[in-house]
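So the structure is just underneath, and the comments pick up after that.
The values are calculated or read from the model by the stated rules, or taken from the named source; none is laboratory data. This structure is a prediction, so every number in the text was calculated from the model and none was measured. Positions of Cβ are backbone-derived with ideal geometry, glycine not excepted, and every protein chain shown enters the neighbour counts. All accessible areas refer to the heavy atoms of the entire protein, side chains included, with ligands and DNA or RNA removed. Shrake-Rupley method; radii C 1.70, N 1.55, O 1.52, S 1.80 Å.
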Amino acid sequence: MDIKRVKDYLYWLYYQYLLITCSYVLEPWEQSMFHTITVTIFAMVVYTAYVFVPIHVRLAFQFFSQIFGGQPESTV
Amino acid sequence: INHIVHNGGLYKRPFNEAFEETPMLVAVLTYVGYGVLTLFGYLRDFMRQWKIEKCQHATEREEQKDFVPLYQDFENFYNRNLYMRIRDSWNRPICSVPGAKVDMMERVSHDYNWTFTYTGRVIKDIINMGSYNYLGFAQNTGTCQEAAAKVLSQYGAGVCSTRQEIGNLDKHEELEELIARFLGVESAMAYGMGFATNSMNIPALVGKGCLILSDELNHASLVLGARLSGATIRIFKHNNMQSLEKLLKDAIVHGQPRTRRPWKKILILVEGIYSMEGSIVRLPEVIALKKKYKSYLYLDEAHSIGALGPSGRGVVEYFGLNPEDVDIMMGTFTKSFGAAGGYIGGKKELIDYLRTYSHSAVYATSMSPPVVEQIITSMKCIMGEDGTTVGKARVQQLAENTRYFRRRLKEMGFIIYGNEDSPVVPLMLYMPAKIGAFGREMLKRNIGVVVVGFPATPIIESRARFCLSAAHTKEMLDTALKKINEVGDLLQLKYSRHRLVPLLDRPFDETTYEETED
């Protein structure tokens, strides 16, 4: 019963995605093309975020902690 | 918004009109959706041009490919690539009288709406929220139908002539005298087609050297009539009296564009109820402006005659004004009277002039006798002259239905445009995929609605338009509201950010309420 509710909810989310991006009105082959492109772009965004965001956050944190809590050793 | 104190005490009752703003996220997503559809439209056009796909729409012939292209503008692009995909929500064939419930023939399409085939099944008893059946006179039983049948057996169906030649029946004279009494004007004239009433009579009234001030959202018949007349046309913002006053002032001060001569006539074209917005014209202010600047007023009451006012006499009675203040009162019989045709009412000299000079009177076939009898019977019913109170009960039922339906929809959280008292209820959909989805989902639940998109509305403001009727009982409205609620949750249509305090009981009379935000 729970699995069915989860599946229904996921299907409803998929239906909202179809309505908002207007792929609801496209023919099946156009829909496949559109889903492929969307999934590719989304995967690339996720990969870029995974590779680059932690390093940038760490560097930014170091930069700001240098300015605000600056130890004398930084000038030597 | 209460205007009782503000505009010099012109309004005798509150004027509640609201057009909620489009939420920003919804507007952005709508544009995204249209962007995706445009890209796919270009792709399909490319494939059709290079013969990868069969071309099923209208194109020029092979010999004419070198001529100026006919089908390259935006309207045709929209037609091929967006309208065709959701075309099954329009032109649905119905096969019974369009009353409160209607039967519809079922269609399927196997090639994505380019062609349709009938399955042979008839979908019965669909609740009809799309017909302009405001007072419920679209019936095939009852006094109107019996009277029309008698006249049909007496006069036949065709008239075979124009009004000026030998097509002027005594029924037409009786009808015109009745219309004049109904509206409270001196004289009236009836025509066979409502669209032709506007487009053929405005050229007879104004010409070159006259000025027409027309509302932004006027109907195509008024626009066509104004353009055919050859007068100068200036547009003022929808229902905006400051814009109208500015235009009037400029017209009086500057006169005609090049010669600076005064305008021969200034005619203001407004409608009683605007059918796409559900808004009612600010008639007291328009009449005050008309008197101040000495211009003429043409009021098109196509949707408001029979539907507004305590005894159904239209928007003039709704505001408690004098019918003699409106120079030309035009209306149609299609909506509240269950017939077809239009009329113009006004002073006797005006109507006598129109009898000779109007194109519709001289060239168009006059109204068919059974239709005339339907109008006579229904008008007598509304006025109460047939001895019953059926007409008054219908007008009151329509007003109650309107208030109930609009309040319930607003409580559910939909964005509804227009005035509180107008029986035309536009529900905003915005996104193009939801236009097709709403029409189909409502049909699956046995409710017939009319959905509207571009070019009848601005491109992001597509809507579903409900037309209430006195023939709808409270049970039908409750069923319809329940299904609309379901579909609204399914499609996520509840965009409104204002919250109404829902009343604990649901009384069926007029109550005032506070609009609060939570």
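One table, with the values for the structure above:
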| read-out | value |
| --- | --- |
| Percentage relative contact order, the stretch B:143-383, counting C-alpha pairs under 8 Å, at least six apart | 31 |
| Degrees separating the helix A:28-68 axis from the principal Cα axis of chain A, which is the longest one | 20 |
| Value at 222 nm in deg cm²/dmol, rounded to 500, when DSSP H runs of n ≥ 4 in chain B each add -39,500 (n - 2.57) | -12000 deg cm²/dmol |
| B:Tyr353 accessible area, 1.4 Å probe, all protein chains in place, Å² to nearest 10 | 100 |
| Percent of beta bridges antiparallel (DSSP, chain B, rounded to nearest 5) | 60 |
| At least 30 Å along the helix axis (C-alpha) and Kyte average at least -1.0, DSSP helices within chain B | B:24-49 |
| Protein heavy-atom accessible area occluded, B/A pair - total, 1.4 Å probe, Å² | 1800 |
| B:Arg463 - accessible surface, heavy atoms, 1.4 Å probe, Å² rounded to 10 | 0 |
| Separation between Cα centres of the stretch B:146-194 and the stretch B:402-445, rounded to whole Å | 37 |
| Carbon/sulfur fraction of accessible area - the protein assembly as shown, other protein chains in place, 1.4 Å, % | 59 |
| Trypsin sites (Lys or Arg not before Pro) within the stretch B:287-361: DSSP coil, no more than 13 neighbouring Cβ in 10 Å | B:Lys294 |
| Relative contact order [Cα under 8 Å, 6+ residues apart], chain B, whole percent | 19 |
| Fraction of antiparallel bridges per DSSP, the stretch B:143-383 only, in percent to nearest 5 | 40 |
| Computed log₁₀ I(q)/I(0) - Debye formula, equal Cα scatterers, no solvent, the protein assembly as shown, q 0.05, 0.12 Å⁻¹ | -0.28, -1.35 |
| On Cα atoms only, tilt of A:2-20 relative to the major axis of chain A in degrees | 90 |
| Solvent-accessible ranking of B:Cys381, B:Cys160, largest area first, probe 1.4 Å | B:Cys160, B:Cys381 |
| Rounded accessible area per residue of the protein assembly as shown, 1.4 Å, Å² | 51 |
| Residue order for B:Met431, B:Met276 - accessible surface, 1.4 angstrom probe, largest first | B:Met276, B:Met431 |
| Sequence of A:Asp2, B:Asp250, B:Asp489 when ordered by accessible area, the most exposed leading, probe 1.4 angstrom | A:Asp2, B:Asp489, B:Asp250 |
| Computed over chain B, Cα set: Rg, Dmax in Å | 24.2, 71 |
| Cα-projected label distance for B:Lys444 with A:Tyr17, points at 7 Å along beta-carbon direction, nm | 1.9 |
